[in-house]
Structure formats: structure tokens, C-alpha cells
């Protein structure tokens, strides 16, 4: 088990008004799972991801990540957890425009104190894993949206995190590029990487092994997907349609 959450609550206070963003949320994630989190705007899914990603703290409840009780960590320790145990992938890519793909991917390792030679080697390996070996010296403005997102995934991988958190990673992409990104996530998951993905697209959620749904701050459904969609098969069908 890589994540254990019990009775998690998050309350935001605005003067005398209290808003419960999460209410008594409990679930666990096994190492190597691929999970999607769904729910309408305001359902609590973004709040949950911020807590899992150690960007925010729960008001009460228990959160354990990779054997560590997160509620007992101070801010400096949480920053270290974020850098070493969590890889983030965002809808808007969050790449530095003046840096090459290689340098963008190297950034988390600078903060982790990895030496320059090792940084270059690991960044090259990560870009190769996501199919961008030939584009490592290109800058973001020289890439498609799908390629930018693959750079972001490579950056999330370089410190060998315990989990990858992806927030609407296909939200800015066309259907074909979205399938390419899901193929990358599925390949990484087959290699043993744990992935938690927030999406509002049911078709994207069907690529994962399990769907957790939120409404009004509560976990309302936790459903296993017996036969997830294989993104590489969907890509083949796209290509056959184009040829026809």
C-alpha cells in the first residue's frame, strides 16, 4: 500500500463561515495502481489532490504516503516529500519557455542536489522513456501540446517518485494527443509506476484501473474497471480510420 487515507476532512474558514471541502474521506491506493479521480467542479477532487501532493494540509484525519505519516511533517519536510516522492503533471504543462526539454526535465534534480553529469543522464533517460529522445534540445515553443505534456511527464519521473499526480493532463489536448499521453501513462504504469489522475472526461477515466468519484466533498463511488481501454489500440484505430 502506497497511500492510506482515513477520515480526511478539509475545512476552509472565511470569517464565521465554514466550508467543508472534504468530508470523512477514506480510501487506500496499492503500489502500482492506476487510478482516476472524477467529480463536478466543487466536489473536492482538487482539494484532495492538493493534500495528497502535500501542497495543502488536511484539517483532520490521517494521511500516510509511502509509509510516512504526512500530518506529522513540518513545512520543510513536506517540501522534501513533494520533491522526492511526488511527480506532478499539470494541464498547462508548466514548462519554462526559454529552457530546452532536457533542462526543463533536469530542474527537479537541481533541487534534489543531484550532480550535473548524473542530472543530464537521468533527464535523457526520462525523455527517452516518453518517446522524446529526438526532441530533447528543443524548447517548448518548438513542440506540439502532446510533446510538451510528455516533457512534463518526463520531468515528473526523474526523481523516481513514489507516485505521479496528474491534474487534467489531457485537458488542453485534442483526442489523438490525449490518447498518446494516456499511452505513456499506461506504459509507465506497466513498469510499476503508481499514477493518480484527475479528469472530468469519462473516456479518459476508462483507461485507468479504478475510478474514485466525489460529490459535495464526499467519496461517493469507488469502482474497479475490469478491462481498461488500451490507448495504443485506440491510436491504431485512429490511424486505420485516417488511412481509410
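The values are calculated or read from the model by the stated rules, or taken from the named source; none is laboratory data. Because the structure is a prediction, the values reported are computed rather than measured. A quick note on method: Cβ atoms are made from the backbone with ideal geometry, for glycine too, and the neighbour counts reach across all protein chains shown.
Quick notes
- Within the stretch 126-157, considering residues that are in contact (Cβ under 8 Å) with a residue 60 or more places away in the chain and either out of contact with any helix residue (DSSP H, G or I) (no Cβ under 7 Å at 6 or more places or on another chain) or within 27 Å of residue 68 (Cα to Cα) (or both), the one surrounded by the fewest Cβ atoms within 10 Å (Cβ to Cβ): 157
- The single condition from (1) without any contact (Cβ under 8 Å) to a residue 60 or more places away in the chain; (2) on the phi < 0 side of the Ramachandran plot; (3) assigned to a loop (DSSP other than H, G, I, E, B); (4) under 14 Å from the mean Cα position of the chain (by Cα) that residue 160 fails is (2).
Residue-wise test of (1) under 17 Å from the mean Cα position of the chain (by Cα); (2) modelled with pLDDT under 95; (3) surrounded by 15 or more Cβ atoms within 10 Å (Cβ to Cβ); (4) in a loop (DSSP other than H, G, I, E, B).
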| site | (1), (2), (3), (4) |
| --- | --- |
| 212 | yes, no, yes, no |
| 219 | no, no, yes, no |
| 222 | no, no, no, no |
| 226 | no, yes, no, yes |
| 229 | no, yes, yes, yes |
| 233 | no, yes, no, no |
| 239 | no, yes, no, no |
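- From the options 65, 102, residue that is closer than 28 Å to residue 48 by Cα and modelled with pLDDT of 90 or more: 65
- Which listed residue is within 27 Å of residue 76 (Cβ to Cβ) and either at pLDDT 95 or above or surrounded by fewer than 13 Cβ atoms within 10 Å (Cβ to Cβ) (or both), from 22, 55: 22
- Entry remark, the stretch 58-77: residues being farther than 19 Å from residue 162 by Cα, assigned to a loop (DSSP other than H, G, I, E, B) and touching a helix residue (DSSP H, G or I) at 6+ places or on another chain (Cβ under 9 Å) number 1 in total.
- When the residues of the stretch 30-52 are filtered to those that are out of contact with any helix residue (DSSP H, G or I) (no Cβ under 7 Å at 6 or more places or on another chain), modelled with pLDDT under 95 and in a loop (DSSP other than H, G, I, E, B), the one that is surrounded by the fewest Cβ atoms within 10 Å (Cβ to Cβ) is 41.
- Only listed residue being surrounded by fewer than 20 Cβ atoms within 10 Å (Cβ to Cβ) and in contact with a helix residue (DSSP H, G or I) (Cβ under 9 Å, 6 or more places away or on another chain), chosen from 191, 180: 191
- When 83, 172 are screened for being part of a helix (DSSP H, G or I) and modelled with pLDDT under 90, only 83 passes.
- Restricting the stretch 86-99 to residues that are modelled with pLDDT of 90 or more and outside any loop (DSSP other than H, G, I, E, B) leaves a set whose member that is surrounded by the fewest Cβ atoms within 10 Å (Cβ to Cβ) is 88.
- Qualifying residue in the stretch 179-192 (condition: outside any helix (DSSP H, G or I), at pLDDT below 95, out of contact with any strand residue (DSSP E or B) (no Cβ under 7 Å at 6 or more places or on another chain) and farther than 25 Å from residue 82 by Cα): no
- The stretch 173-199 residues that are closer than 15 Å to residue 238 by Cα, paired with ones that are in a loop (DSSP other than H, G, I, E, B) (beta carbon under 6 Å, 6 or more apart): 178/170; 181/169; 181/170; 182/207
- Filter pass, residue 78 being within 29 Å of residue 139 (Cα to Cα), touching a residue at least 24 places away in the same chain (Cβ under 8 Å) and under 20 Å from the mean Cα position of the chain (by Cα): no
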